[in-house]
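Engineer: Take this structure first; my questions come after.
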Amino acid sequence: MSRVLITGASGFAGRHLVAACRADGDEVIEAPPSLVADLRDPEAAVGVVAAARPDVVYHLAAQAHVGRSWEDPAATLQGNLAMTLNMLQAVRAEAPSAVFLLVGSSEEYGPPLRIPTTEDEVLRPANPYAVSKASCDLLGGLFAGAHGLRVIRARPFNHSGPGQEPVYAIASFARQVALGGGVGGDAPVHVVTGNPDTCRDYTDVRDVVRAYRLLAAHGEPGIFNVCSGESHSAREVVAALARVSGMEVVHEVDPARVRPNEVMEVRGSFTRLHEATGWQPSIPFEQTLLDTVSYWRATVRR
């Protein structure tokens, strides 16, 4: 059993991580527990870490949406970097032996030069959110090298599952299916997407947080992709949602949602993560989709 401090505990992955840690007997401290503790304030970060006395810090707190980062680049860049710097400084001062798992993003790689993308790929962030995460990633590496902190840098690719906001693709598609009615309804459900042929590497969020926990237990500094190694197009996702939901689904493409210069495929390699921890994806893609539709059906009923 470990004392674990989780920033961003109320977010999508954060909620799943809290549940997984508690199920395994860890003592979990959620930060910030309320709006009182703003991790953009250095003193607040020190106070959170000093009170928690953690063995492991999972730093998930961030403005994590690409679209929103374009709307307010300054807030994304300043907020994400400040929170990461303050947490690293606080851990250095108050819990220097703790494992610090820093959650980055595959967005740091930008348009992939090679597929599957490995951790050795050059970083070419292509949006303000990606720039912020690449900066945080580099900062974590600096603190590991210069101060000897046990910083593990995870770079998750797209992840999905029950509880995700519908601003993300699979959650949006699943919500549209759930709003279309119950199993066996007569009328077809219309699901609207952008470019139907863009392919992304999706991993179930429950597999993602299992990877985080294995990396923390492994405890060795390094950079690790967290991904499935497979990619699925929007067209394939919609077809699979039709199968798992038992509904007739009509796929509509909205030209307004088709982005210019779209990256057609993103797919990563998890070889380094597997070699270090034995991790590999365990939840089938269609199970993720079914659980997500079930979540949205229950949410719609409520």
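The values are calculated or read from the model by the stated rules, or taken from the named source; none is laboratory data. Please read all numbers here as calculations on a predicted model, not as lab measurements. Here the Cβ is made from the backbone with ideal geometry for all residues, glycine too, and neighbour counts use every protein chain on show. Note: areas computed on protein heavy atoms with side chains; ligands, DNA, RNA excluded. Shrake-Rupley method; radii C 1.70, N 1.55, O 1.52, S 1.80 Å.
Engineer: Where in the range 198-232 does the label zone of T271 land, with the point 7 angstrom along Cα→C-beta and an amide N cut-off under 19 Å?
Structural biologist: 201, 222-231
Engineer: Translational D (Stokes-Einstein, µm²/s) of the range 1-135 at 20 °C and 1.002 mPa s when Rh comes from the Kirkwood sum over C-alpha pairs? Kindly include the intermediate steps, with their values, before the conclusion.
Structural biologist: On the way: Rh = 15.5 Å.
Estimated via Stokes-Einstein, D reaches 138 µm²/s.
Engineer: Here's another thing I want to ask about it. Whose amide H sits under 5 Å from the amide H of V192, counting only residues 5 or more places off or on another chain, with H placed in the peptide plane?
Structural biologist: Residues meeting the criterion, in which the H sits 1.01 Å from N, are E252.
Engineer: Between A146 and E236, how many nm apart are label points set 7 Å from Cα along the C-beta direction?
Structural biologist: The two pseudo-label positions are separated by 4.3 nm.
Engineer: Give me the extension gain from S97 to A75: residue separation times 0.36 nm, minus the current Cα-Cα distance, reported in nm with one decimal. Show your work: numbers first, answer last.
Structural biologist: Details: separation 22, 0.36 × 22 = 7.92 nm, distance 3.11 nm.
Contour length minus Cα-Cα distance gives 4.8 nm.
Engineer: Taking θ = phi - 60°, what integer Hz values does the Karplus form 6.51 cos²θ - 1.76 cosθ + 1.60 yield along the range 116-124, in sequence order, with x for Gly and Pro?
Structural biologist: Ordered by residue, 3J(HN,Hα) equals x, 8, 9, 5, 7, 5, 5, 8, 9 Hz.
Engineer: If DNA, RNA and ligands are ignored and the probe is 1.4 Å, what is the ranking of M83, M1 by accessible area, most exposed first? Show your work: numbers first, answer last.
Structural biologist: On the way: M83 30, M1 175 Å².
Greatest to least solvent exposure: M1, M83.
Engineer: Still on this structure, please answer the following. Please determine, in degrees from 0 to 90 and to the nearest 10, the orientation of helix 73-94 with respect to the longest principal axis defined by the Cα atoms of the chain, where the helix direction is its Cα long axis.
Structural biologist: Its long axis makes an angle of about 40 degrees.
Engineer: Roughly how much of R124 is accessible, in Å² to the nearest 10, using a 1.4 Å probe?
Structural biologist: 90 Å²
Engineer: At 1.4 Å probe radius, can you tell me the per residue accessible area of the chain in Å²? Provide the component values of the computation, followed by the final result.
Structural biologist: Details: 13480 Å² over 302 residues.
Accessible surface, normalised per residue, equals 45 Å².
Engineer: Then there's this: What share of Cα pairs, in percent, lie more than 14 angstrom apart in the range 202-254?
Structural biologist: Values: 915 of 1378 pairs.
In whole percent, the long-distance tail amounts to 66.
Engineer: Still on this structure, please answer the following. Calculate the FRET efficiency for E252 and L113 from the Cβ-Cβ distance with a Förster distance of 30 Å, rounded to the nearest 0.05.
Structural biologist: Values: r = 33 Å, r/R0 = 1.10.
Calculated value: 0.35.
Engineer: Here's another thing I want to ask about it. Full extension from L179 to D24: what is 0.36 nm times the residue separation minus their Cα-Cα distance, to one decimal in nm? Numbers along the way, then the final one.
Structural biologist: On the way: separation 155, 0.36 × 155 = 55.80 nm, distance 3.51 nm.
Computed gain between L179 and D24 is 52.3 nm.
Engineer: With everything on Cα atoms, drop me the angle between helix 285-301 and the longest principal axis of the chain, reported from 0 to 90° to the nearest 10.
Structural biologist: Helix 285-301 and the main axis of the chain meet at about 80 degrees.
Engineer: How much space per residue, in cubic angstrom, does the convex hull of the C-alpha atoms of the chain take up?
Structural biologist: Details: hull volume 38.8 nm³, N = 302.
Enclosed volume per residue, from the Cα hull, is 129 Å³.
Engineer: Rounded, prolate or oblate, given the Cα gyration tensor of the range 243-302, with a/c below 1.5 counting as rounded? If you can, show how the numbers build up before the last one.
Structural biologist: Values: a/c = 2.73, a/b = 1.26, b/c = 2.17.
Oblate, since a/c reaches 1.5 and b/c is not below a/b.
Engineer: Quick one: Karplus J couplings for the range 248-256, per residue in order, coefficients 6.51, -1.76, 1.60, θ = phi - 60°, nearest Hz, x for Gly and Pro?
Structural biologist: Each residue of the range 248-256 in turn: 7, 10, 9, 8, 10, 9, 8, x, 5 Hz.
Engineer: Across the range 167-178, in residue order, what do the Karplus-derived ³J(HN,Hα) couplings come to in whole Hz, using 6.51 cos²θ - 1.76 cosθ + 1.60 with θ = phi - 60° and x for Gly and Pro?
Structural biologist: Ordered by residue, 3J(HN,Hα) equals 7, 9, 4, 5, 4, 5, 5, 5, 5, 4, 5, 4 Hz.
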